[in-house]
Every structure is written in C-alpha cells, then in structure tokens.
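Taking it in order: structure first as structure tokens, then the write-up.
Each value in this text was obtained by applying a stated rule to the coordinates, not by laboratory testing. Everything quoted here is computed from the prediction, not taken from an experiment. With ideal geometry, Cβ positions are generated from the backbone for all residues, glycine too; neighbour counts draw on all protein chains shown.
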Amino acid sequence: MSSPNEFERFPLSGRFLAGRARSEMSEAERVRMEALVTRTEVLEHGHRVIARGQRSDHSTMLIEGFMLRTLESENRRHAVSFHVPGDFVDLHCFALQRLDHNIDCVGPARVGYVPHEAIVEVMRDDPKLARLFWFSTLLDAALHREWIMKLEQLTAPRRIAHIFAEIWRRLEMVGMARPDGFETPLRQIDIADMCGATAIHVNRAVAELRKSGIADFRRGRVVVSDRDRLEEYGDFNPGYLYAGEPAIPDSHSPRREHGDRSLSFKRKTSES
Amino acid sequence: MTFPLTGAFLAGRLRDHLDHDDLAYIEDLIDSVEEHGDGVRLAESGVPTEKSQLLIEGFVFRTIETDKRRFIVGIHVPGDFIDLHGFALKELDHTLVSAGAVKLGLVPHERLETVMSERPDIARAMWFATLLDAAIHRKWIQTLEQLDAPRRIAHLYAELHERLDLVGRQVPRALRTPFTQLDLADMCGVSAIHANRAVGKLRELGIGEIRRGDLYTDDWDALKQYARFDPSYLYGRGALKLQDDWR
C-alpha cells in the first residue's frame, strides 16, 4: 500500500507506479528502486530531456514537474502524451536504444537518472522488479490507444475535457491533485499540439468549456466544479490508466471516492 | 524456414541481433498452434490472460469498443506477438480480433516467467517488441492530427507494406487484405461514406486502387510520398535502426 509518507520515505522514486502496481513492490524492491536513482537535476522549461534518435546510457525518473512526448512534422509539433511525477519517462529507451520521439519539459522539472547498467542488473537478478519496469512502459501504449480513439471521435472542446480529466486522474494517483482540479504549467499552445488544433481553435474551445461551466482553465490552473460532468462531457473512462489500488492520499483534502470506476478495466460495453 | 513458427518475430529489426541459440529458444516457447476464422475475439478487454499469442499467419485488429461504436487502434501482421504485453499488464485495455483467417502460436505465461528469470537478454528483446506498439500508436496519433482521410488511408497501406516487407513478405503490386470499407473507416475515425470518398480520391489521383481491401498500385514510392510516410518509427530502416551494440 502507498502510505501518505511514501514520498517522504522515498523522495526520488516514491511516486513510481503509485495508484497502480506499487503495492506489489516489496520493501526491498522499493529500497532498491530508490537507490537506482544516482543523480538528480533541475531542468528548465523547454529543456529537451531526450531527442528523437539520440543515444542515452541512462533513463529518467520525473520527480517533480510536467513533460510532453512530442513528434515533429515539417510544419508543426505534435504532442502525443504527457508525463506527471512518478513516470519513468524514457525507461523504454533502455530496450529501444533510441526513441522515435522527443521528451520536453513544460515548466521546470526535477528529475533523477538511472544508469542503464543498473537496469541490466535488475533484469539479471530481480525478474519481478524487471516485470514492473516492463509494465510501466506499457502504460504508454495504453494511453496512446485511448488518444487515437479520442482523436477519431471527439471535437476540440470534448478532447480538451478528456485531456483535463486524464491529467487530473493521473495527478491524483500520485497525490498531486487538488479537490477542485489541478495546477498545470500547460499553455494553450501545448493543448493545441495535443489536439492537432490551432491555438485560435483551442482558445475558442477553452472559452466554450468555461462558458458552459465544465472547466475553468487560466493562470496555470484548471478548476472544475462538477467532475462527473467533465468526465462525461469528455467521454472519459479511466480504465486505460490501469489504476489498480488506492492513490496516494491527497495532501490537500480527504480523498474522493471513485466507486468501482477506477478499479475496473472494463468499459461500458464489456461489463455485461 | 528454420523456425517455421517464430521466423518472422522481430524480423528486419532485433532479430538480426539474436544468435541461433536465442532463436531456437524462442521457437521452443510455442506451446501449441491454433487456427481461427475471421472476426474471432482472441483477447478480451478486461479479462485476465494466462497466455500470449504470436501471429504466424494473417491480420489482427486491436479494437476499442464503446457503447457507440468500434474503433480500430492498430493492425498486426505475421511475426507480431500480439498480446505479449498481456504478460506484464495481466489484462488488456482493448480487444484483439482476427481480420480474416489467422494462425497463432501460444506461449503460456509460466514460460515467459522462466524467460524473465533465465534469459534476461531474450526478455529484453521481448520488451523491445512490445514497445514497437507504442511507437506505431504515436505515429497514428500524428497522422490523425495531421493528415486528411485519403492520406490516412494511404498511410495505413504504406505502413502495412513496410511491415510486411520487414518480415520477408514482399508485396510487389497488390497488397491483399481482408479489410472492409468499414474497417478502413474505423481505422481513420471517419464515416463509411467518408472512407468511400477517400478511396475514390486515391483512385482519381492515380495513387492506388482499393478493391475489397486489396490495394493495387504501380508505384509504392509515390503512394508513400503522398502519405508522408517515413518508415523510421518501425525501427527497421532509417534513422532509428538498431546498432550493433544493442546488447
């Protein structure tokens, strides 16, 4: 179980897999995980953690901050997913050798580095921890699948509502959400790159969300008065996040109950 | 073929970095072989799995179904270990459905546990294999954000052409698939009518002719250029091709 002081006990890796499979990690594995992080660094806004095609001998744990995975085409940037604290953002580089995309900081970030040699050792002598590492990299594909579906399906305001709902849930899992929403360094241009829309288009969609009382996004904060309404509007079903255990309790307020939704992978149609 | 069941696994990519002993070990993981017809659900969203399936022949769709419609979020070709990720995820967030007849090799998860404890190099190669999915998904996100419907359809066929080529199934002129027009629509996030119009546009432009899922073209390079297709995200050819020091 993730306890409130998990992050005090493991200040570098305490959010890794929180709200997911962290409870499957033994005390020894948590201690080992924490020790894998050999060096920390504070990165500036816009810093590129790793570029497409670049070789690296280490992977990066996001301790604090927010990052985007981006692809570039001739005339624009595409953001294909985002990262919150506790994400081992380029662990997949260990097996892929080079990434097909970039990872960029949005706002300042604090990161910790894990040498690939240390991951080779984990593969050699701790198959259970290795399997959890593998698991954590597969979440990317699950998130991408949901985004493919949403891009195929939703209009810009609904797509943005879905993105807000996802950020909120993921921050909540690692104990960094607020009871009425979340703080974010995202700008409208980042959201445009996440939706394949123009900045003007997003500006209009954000105004629409505010006007209809679904979400108020301004000055680095998203405030939501009715979460169910936001999630319904964005057609958000959290199964794809693989939340399998209680999140780290929110430091701001008592934890909100989700009922069965966050514990079930099943979608509406497969519940019967 | 020396390895009749797993000979296409990671072909054109990491396979070149595995030795004969590794390849024999992988072939030996297949516990049994199954054949299925069209439209069979091979793995179900939310249902725990105890085996993973390697596609030996045929095509498989990854689908997400909502109460409103079906979405196709990925396609699989021979050599793909279609639910290897089920081993680490324990249950899938989506469904796998055969598109036409398929032949599958089954690997019980206990065997994969043994791989993890005995053969970390092979485990890492398998890890690599599951990461290709995410790379392909990222490209699909980009094409959905960037390309119009005719180009999306051209991109799908360009990707299939390249992936089949990587696993040694060169496509000279006609790329044969069992896909319906509705399948194409569900892959591109458009209506069947819209997909039909996009197929018409590809024909008018002389890019390719799609008849009952089969695409005919005289010029794959022109089609790939039209679709803005860059194969590097498949880790076979181009900028991301694995280098010799992979181990």
Inside region B:37-64, can you point out the residues that are away from chain A (no Cβ under 14 Å) and touching a Lys or Arg at 6+ places or on another chain (Cβ under 7 Å)? B:56, B:57, B:58
Is it true that residue A:75 is under 22 Å from residue A:196 (Cα atoms), over 15 Å from the mean Cα position of the chain (by Cα) and touching a residue at least 12 places away in the same chain (Cβ under 8 Å)? no
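Run down A:220, A:181, A:196 and say which single residue is more than 14 Å from chain B (Cβ to nearest Cβ), surrounded by 19 or more Cβ atoms within 10 Å (Cβ to Cβ) and on the phi > 0 side of the Ramachandran plot.
A:181
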Qualifying positions in region A:84-124 - more than 21 Å from residue A:168 (Cβ to Cβ) and either part of a loop (DSSP other than H, G, I, E, B) or small (Gly, Ala, Ser) (or both): A:90, A:91, A:92, A:95, A:97, A:98, A:99, A:100, A:101, A:112, A:118
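Could you check region A:18-42 and list, in sequence order, the residues that are part of a loop (DSSP other than H, G, I, E, B) and under 15 Å from residue A:126 (Cβ atoms)?
Of everything in region A:18-42, those that are part of a loop (DSSP other than H, G, I, E, B) and under 15 Å from residue A:126 (Cβ atoms) turn out to be A:21, A:25, A:26.
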Exactly one of these conditions fails for residue B:233: (1) out of contact with any Lys or Arg (no Cβ under 7 Å at 6 or more places or on another chain); (2) in a helix (DSSP H, G or I); (3) under 30 Å from residue B:16 (Cα atoms). Give me its number. (1)
Find the residue count for region B:65-95, including only residues that are touching a residue at least 40 places away in the same chain (Cβ under 8 Å), in a strand (DSSP E or B) and either surrounded by fewer than 24 Cβ atoms within 10 Å (Cβ to Cβ) or within 8 Å of chain A (Cβ to nearest Cβ) (or both). 6
Hey, among B:149, B:192, which residue is exposed (fewer than 15 other Cβ atoms within 10 Å of the Cβ) and among the hydrophobic types (A, V, I, L, M, F, W, C)? B:192
Across (1) over 22 Å from residue A:160 (Cβ atoms); (2) assigned to a loop (DSSP other than H, G, I, E, B), residue A:45 clears everything bar (1)
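Restricting attention to region A:121-162, which residues are among the β-branched types (Val, Ile, Thr), in contact with a helix residue (DSSP H, G or I) (Cβ under 7 Å, 6 or more places away or on another chain), more than 7 Å from every other protein chain (Cβ to nearest Cβ) and over 21 Å from residue A:15 (Cα atoms)? Give the derivation first.
If we filter region A:121-162 for residues that are among the β-branched types (Val, Ile, Thr), which is where we start, we get A:122, A:137, A:148, A:155, A:160.
From what's left, in contact with a helix residue (DSSP H, G or I) (Cβ under 7 Å, 6 or more places away or on another chain): A:122, A:137, A:148, A:160.
The next check asks that each one be more than 7 Å from every other protein chain (Cβ to nearest Cβ); those that pass are A:122, A:160.
Result: A:160, single match.
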Check whether at least one residue in region A:150-163 is in a helix (DSSP H, G or I), without any contact (Cβ under 8 Å) to a residue 24 or more places away in the chain and touching a strand residue (DSSP E or B) at 6+ places or on another chain (Cβ under 9 Å), and report yes or no. yes
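Could you check, for region A:80-87, whether at least one of its residues is among the hydrophobic types (A, V, I, L, M, F, W, C) and closer than 18 Å to residue A:53 by Cβ?
Our first condition is that a residue be among the hydrophobic types (A, V, I, L, M, F, W, C); within region A:80-87, this holds for A:80, A:82, A:84.
Going one step further and asking which of them are closer than 18 Å to residue A:53 by Cβ, we end up with A:80.
Yes, the conditions are met somewhere in region A:80-87.
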Considering only residues that are part of a loop (DSSP other than H, G, I, E, B) and closer than 23 Å to residue B:84 by Cα, which ones fall in region B:137-178? B:167, B:168, B:169
Condition met for residue A:196 (within 21 Å of residue A:243 (Cβ to Cβ) and out of contact with any Phe, Trp or Tyr (no Cβ under 6 Å at 6 or more places or on another chain)): no
Only one residue in B:134, B:99 is at the interface with chain A (Cβ under 7 Å from one of its Cβ atoms) and either buried (at least 20 other Cβ atoms within 10 Å of the Cβ) or part of a strand (DSSP E or B) (or both), so which one is that? B:134
Conditions (1) in contact with a Ser or Thr (Cβ under 8 Å, 6 or more places away or on another chain); (2) closer than 30 Å to residue A:190 by Cα -> residue B:143 fails only (1)
